[in-house]
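As structure tokens, the structure follows; a few thoughts come after it.
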Number of protein chains: 2
Amino acid sequence: MLSQSIEDYIKAIYKLQEHNTSVTTNDLAKKMNVSAASATNMVKKLAEMNLAEHTSYKGVTLTEAGTKIALEIVRHHRLLELYLQQALGYTWDKVHEEAEHLEHHISEEFEDRINDFLGNPQYDPHGAPIPSRDGTIPTISKDSLADADEDNEYIMQRVEEESPDFLRYVGGLGLFPNVRFKLIAKEPFKGPLTLRVDGDMKIIGHETASKLYVYRSESA
Amino acid sequence: MLSQSIEDYIKAIYKLQEHNTSVTTNDLAKKMNVSAASATNMVKKLAEMNLAEHTSYKGVTLTEAGTKIALEIVRHHRLLELYLQQALGYTWDKVHEEAEHLEHHISEEFEDRINDFLGNPQYDPHGAPIPSRDGTIPTISKDSLADADEDNEYIMQRVEEESPDFLRYVGGLGLFPNVRFKLIAKEPFKGPLTLRVDGDMKIIGHETASKLYVYRSESA
DNA sequence: AATAAATTTTAGTTTAAGCTAAAAACAAAC
DNA sequence: GTTTGTTTTTAGCTTAAACTAAAATTTATT
Ligand SMILES: [Mn+2]
Ligand SMILES: [Mn+2]
Ligand SMILES: [Mn+2]
Ligand SMILES: [Mn+2]
């Protein structure tokens, strides 16, 4: 069994890889809230275990084995988030923290049972994709609302932020995954956006919009 | 936050205190599967933290603060066991192991939510009492089936063993908590016992009977 | 009561995961 | 193309939780 620390480092590398091309030890150190030296240490250990490849002064990448572990942890996390919401009535701003701890401690049986309870779901409460048992990842939108066009209808796909305050704010606007809304206006120079959500007008900042990912809605 | 290790030691001392009068470091070492030296070490640390009292070469007892922590962990464990069975369909032989891990990692919110889901229950799937939030412990039977009398009716209260094999065996006999049965015959010198459970005759060994705790049934 | 046996504690190591401070490598600025 | 600055690695130290071996204490046996 891998330590919680190792699992968290692998997950962090995985998440950094999704955005940045190359992941430096410094990126990792920041994400993990440890010193650069600690990150270097762990990276060398992961390389030793063949879970990551490391070239000194260059960066880290997960090996196939490492990626498999990352996906397993991410699956645990997102299934747990959805389970906490659906089965235990957690609000979407509270699920992340609890899942963050539990993800390392549930058995495969637990994973399978909550997966079955939830009907083999594809997305977590924030719209993040849940990797399947065999490592397939459901499709997601790459289009941020910050890059969307005025006068179009959109459907919320996901929120890419986990801070409770932010989620409560976004939830207060009615912007949950699968909710349809219209982008009424958008001011230039990273200015505010005006949306119509369920009949109500809402004004949000560019920063907020940049964390919301959307699909163009087909219908009128 | 206390480490998992500290929590497990405290729980172990608590459980040993339930049976043995004085708990020696050796008892503790055996229960925890560590060397006697490791147990001594931890006991000194617990004493340092005012969670236990330790007199060299004599033994350990939990302080009030230590007992409070023990009860909290036991509550987590038993609520989890019941939740796994009731909400996720675990069989009673599988719940212990999963709960053993999760007990250290759930939040107070999780505890409260599963408690509410279960309707503030008093006993776990094996009939063990679930300490209430404020530390009250539901009553249990102190009478082992091994000390019971022929020709009487009994009601199963609890099984005091957690090994999956044993639980599957006992479950196969139909002997779950709250099940009524009659003790038909009992051979002397730790001999076998004959029971009638739901119309069927079952013969069990003295060793098995000693782990089953029962109430005298009032009805005919 | 004296000796032997068992238990418990002490002393000294090990491993994992963190840290700081200094050295080495790379990148940027002049 | 040096010099300066930033990033990354190395080296050495700390803490928690385990271990073994040896010393101290208690219990049991003659
Ligand atoms: Mn985590
Ligand atoms: Mn999420
Ligand atoms: Mn435990
Ligand atoms: Mn139980």
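Odds and ends about this structure:
- Any hit, segment B:52-66, residues being of a type outside the set (A, V, I, L, M, F, W, C) and within 11 Å of chain A (Cβ to nearest Cβ): no
- Per-region count, segment B:167-183, residues under 16 Å from the mean Cα position of the chain (by Cα), part of a helix (DSSP H, G or I) and free of Cβ contacts under 8 Å to residues at least 60 places away in the same chain: 1
- Some residue of segment B:147-154 being over 16 Å from the mean Cα position of the chain (by Cα), in a loop (DSSP other than H, G, I, E, B), within 14 Å of chain A (Cβ to nearest Cβ) and touching a residue at least 40 places away in the same chain (Cβ under 8 Å): no
- Pairs, first more than 12 Å from every other protein chain (Cβ to nearest Cβ) and within 10 Å of A:Pro125 (Cα to Cα) in segment A:77-89, second in a helix (DSSP H, G or I) and modelled with pLDDT of 95 or more, C-beta under 6 Å, six or more apart: A:Leu79/A:Ile114; A:Leu79/A:Asn115; A:Glu81/A:Val95; A:Glu81/A:Ala99
- Flag for B:Gln157 being in contact with a Gly (Cβ under 8 Å, 6 or more places away or on another chain) and either surrounded by 15 or more Cβ atoms within 10 Å (Cβ to Cβ) or part of a helix (DSSP H, G or I) (or both): yes
- Residue match in segment A:8-23 (condition: away from ligand 4 (no atom under 16 Å from the Cβ), more than 30 Å from A:Asp143 (Cβ to Cβ), away from chain B (no Cβ under 14 Å) and among the β-branched types (Val, Ile, Thr)): no
- Of all residue pairs spaced 6 or more apart or on separate chains, those with beta-carbon atoms under 9 Å, a first member in segment B:28-48 that is touching a residue at least 40 places away in the same chain (Cβ under 8 Å) and closer than 20 Å to B:Lys68 by Cα and a second member that is more than 14 Å from ligand 3 (Cβ to nearest atom) and part of a helix (DSSP H, G or I) are B:Leu46/B:Gly66.
Quick grid of which residues meet (1) free of Cβ contacts under 8 Å to residues at least 12 places away in the same chain; (2) away from ligand 1 (no atom under 16 Å from the Cβ):
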{"position": "A:Glu98", "(1), (2)": "no, no"}
{"position": "A:Ile114", "(1), (2)": "no, yes"}
{"position": "A:Gly119", "(1), (2)": "yes, yes"}
{"position": "A:Arg133", "(1), (2)": "no, yes"}
{"position": "A:Thr139", "(1), (2)": "yes, yes"}
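- Qualifying residue in segment A:87-101 (condition: at pLDDT 95 or above, within 16 Å of ligand 3 (Cβ to nearest atom) and not in a strand (DSSP E or B)): yes
- From the options A:Lys44, A:Lys30, A:Lys58, residue that is touching a strand residue (DSSP E or B) at 6+ places or on another chain (Cβ under 7 Å), farther than 24 Å from A:Arg113 by Cα and basic (Lys, Arg): A:Lys44
- Scanning segment A:95-108 for residues that are at the interface with chain B (Cβ under 7 Å from one of its Cβ atoms) and of a type outside the set (A, V, I, L, M, F, W, C) yields A:Glu98, A:His101, A:His105, A:Ser107.
The values are calculated or read from the model by the stated rules, or taken from the named source; none is laboratory data. Remember, predicted model here, so these are calculated numbers, not experimental data. With ideal geometry, Cβ positions are generated from the backbone for all residues, glycine too; neighbour counts draw on all protein chains shown.
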